[in-house]
Amino acid sequence: MIRDEIGLMVAQAAEAAQEAGDLPAVALPEPAAIERPQRAEHGDYATSLPLRLARAARANPIDIGEVLAKHLPASDKIERVEVVPPGFVNFHLSQSWLTSQVDAILTAGATFARIDIGRGQKQQVEFVSANPTGPLHAGNGRWAAVGGALVRVLRAAGYEVEAEYYFNDAGTQIEVFGRTLYARYQQLFGRDAPVPEDGYAGAYMIELAEQARDKLGDSMLRLEGEPAPEELTTFGVEHVMDWIRSDLGRLGVEYDTWYREQTVYESGNFDKVMAMLRERDLVVEREGAVWFATSQMDADKDEVLIRSSGLPTYLSTDIGYHYDKFVRRGFDRVIDIWGADHQGHVRPLKLAVEAMGLDPDRLHIIIGQLVTLKRGEETLKLSKRSGDVVTLREVIDEVGVDACLYFFLSRSADVPIDFDLELAKQQNAENPVYYVQYAHARIARILDNAGDLAQNVENADVGLLTHEAELSLIRKMLVLPELIETVARKLEPHHLPYYAQELATSFHDFYEKCRVLDEEQPQLSRARLKLAAAAKSVLATTLELMGMSAPDKM
RNA sequence: GUCCCCGUAGCUCAGUGGACAGAGCGGCUGCCUUCUAAGCAGCGGGCCGCAGGUUCGAAUCCUGCCGGGGACGCCA
């Protein structure tokens, strides 16, 4: 990346200046911070190193800047370096290098976005992981969009990433689900079997029961008063998992692993980690339950691991699950995406990771604020327990996959979302997603219409690209690798849609100001065709990272 | 009461400690006989919640307060 090259040049200049005695031997920040100035006249890149060094060096920032500039290695990529008050050094890229990047981008294709900050480090991203007790709702869709984008970006950044979905296939909720399904199933056969009070009231349970009847006939009926047959529960769970897989697939999310909760026990990891906690004297028994003595660590209260009923809690299972992630499967880092309603769970789990003798920083938990689904002024419940569920499927059907992804991706995980179904439908046509896709479609049309001008385009001279709009578009394309780095480091995919929009703006501006197909200027036309093709490639790559389509026609 | 997140334009939101705070939507004015007007150009709009502090420099970091959301269960 050119930004890193400039950073290196600045660092070299500082060292050279110190060797030459032009700059006192003060500690240099590592790495030298290179910024992108907000204003174009301040150049493509800038460093405030002189301002940072001024105090320690007991020198005027401007003088330090001049010294740095003097010792900068020569580069044909840099047109001009200027030192300006209060102490910035600004770098202007050379036009010839900029235009040469059009060829570079075209050659690189989709790999243009690839960087290698990950160096093959093994990471896992676990997201959505909703219980298979009902269809996904709109809130789940948010984390599908965010998790999917994160996985793709981390891969582009050079990490070896595994996407995982963790689901309960046993436990309290599944048991309740099974009882509800059995009640609905019996009702289909005329039995007076009420839905349990704590059961799942949604209409989808009736649909599920009907499917069970169609597939299994009356074979699941048991004598009055007998519990729900396990086979029926399993049938229901598998069916719901099919719904979930299908919804996630529509949002472009593909998991590498579907991890069953039971595996935590079957693998023996649960017992291992519990034994480990006992060995470290972090387990106490009290009031008939088994507790994780987090109060001995960095918490104000203990947490229950094994209930007095003998059943493990969600927390203890999760501890076993994370032991499995780190120790058995050997991930260097694990990223979990959780809703804000699970935030209280972060501290104890991190303490457990620490108690395993691991660095808790290897567990990164993204706490995402919740989605409130609305229809106009009315707030809709997202709970599967209540009858009124607005499913993710309905939302996708109403709003569209791409608009849905774009909307969910556009907001930082730190802010709660009000998802208004009415508004989403209304705004459908004005959704910024179409602005981005439109740019891509426009380019596709130009390339289609090129006719004879398309001949010999690969040999076109990109040096003919001198218009301000052309150069701005190239500059904007060059941001993508830097964006990948930002998103990967901060784990914030919401920067993607903003970049996509800026890139589209740069293209639309170019489109207005520079006619691409012009028989009277064939050489220039061919150079512009190249630029357009490069822009198409970068737009498509960006859309792909977000899981969205890049249409050739709109 | 304790803990987490948020407070930026009329609305929805961006904004790695840097140079004059941005976008979309909405409002107003213009631009289609040349590659898609799902586009472009322009105008208007801001004590960056409030008060202190740190810093050469704060929307950004720290403290306190106010306002909104969330968590504090032998549910998940």
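The values are calculated or read from the model by the stated rules, or taken from the named source; none is laboratory data. Since we're looking at a predicted model, the values are computed, not measured. Glycine also receives a Cβ, built like all others from the backbone with ideal geometry; neighbour counts cover every protein chain displayed. Side chains included, ligands, DNA and RNA excluded: accessible areas come from the protein's heavy atoms. Shrake-Rupley method; radii C 1.70, N 1.55, O 1.52, S 1.80 Å.
Taking a threshold of 30 Å on the Cα-Cα distance, which of the pairs A:LYS77/A:LYS530; A:LYS374/A:LYS553; A:LYS325/A:LYS476; A:LYS272/A:LYS301; A:LYS374/A:LYS476; A:LYS122/A:LYS301 fall above it? In this structure, A:LYS374/A:LYS553; A:LYS325/A:LYS476; A:LYS374/A:LYS476; A:LYS122/A:LYS301 exceed 30 Å between Cα atoms.
In sequence order, region A:179-193 has phi-based couplings of 5, 5, 4, 5, 4, 4, 5, 4, 4, 5, 9, x, 7, 8, 10 Hz under the Karplus curve 6.51 cos²θ - 1.76 cosθ + 1.60, θ = phi - 60°, and Gly or Pro positions carry x. Using R₀ = 22 Å, calculate the FRET efficiency as 1/(1 + (r/R₀)^6) where r is the Cβ-Cβ separation of A:ALA104 and A:GLU82; round to 0.05. For R0 = 22 Å, the calculated efficiency reads 0.25. Couplings 3J(HN,Hα) for region A:531-537, derived from phi with the Karplus relation 6.51 cos²θ - 1.76 cosθ + 1.60 (θ = phi - 60°), are 4, 4, 5, 5, 5, 4, 5 Hz, where x marks Gly and Pro. Computed on protein heavy atoms with a 1.4 Å probe, the accessible areas place A:MET554, A:MET356 in the order A:MET554, A:MET356, largest first.
Among the GluC sites (Glu not before Pro) within region A:158-225, those in coil by DSSP and having at most 12 neighbouring Cβ atoms inside 10 Å are A:GLU197, A:GLU224. Placing R0 at 30 angstrom, the Cβ-Cβ distance between A:HIS508 and A:GLU66 gives a FRET efficiency of 0.15 after rounding to 0.05. Taking amide H as placed 1.01 Å from N in the peptide plane, the amide H of A:ILE417 sits under 5 Å from that of A:LEU370, A:VAL371, A:THR372, each at least 5 places away or on another chain. Backbone N atoms of region A:201-238 closer than 19 Å to the 7 Å Cα→Cβ label point of A:ARG260 belong to residues A:229-238. Helix content alone sets the calculated 222 nm mean residue ellipticity of chain A: runs of n ≥ 4 DSSP H residues at -39500 (n - 2.57) each, divided across all residues, give -15000 deg cm²/dmol. So if we plug the beta-carbon distance of A:LEU188 and A:LEU358 into 1/(1 + (r/R0)^6) with R0 = 41 Å, what FRET efficiency do we get, rounded to 0.05? Step by step, r from the Cβ atoms, then E = 0.25. Note on chain A: Cα convex hull, mean projected area over all directions, 33.0 nm². Along chain A, the exposed loop sites are trypsin sites (Lys or Arg not before Pro) outside DSSP states H, G, I, E and B with at most 10 other Cβ atoms within 10 Å, and the longest stretch free of them is A:302-552.
Accessible area per residue for region A:164-268 is 48 Å², calculated with a 1.4 Å probe on protein heavy atoms, without ligands, DNA or RNA.
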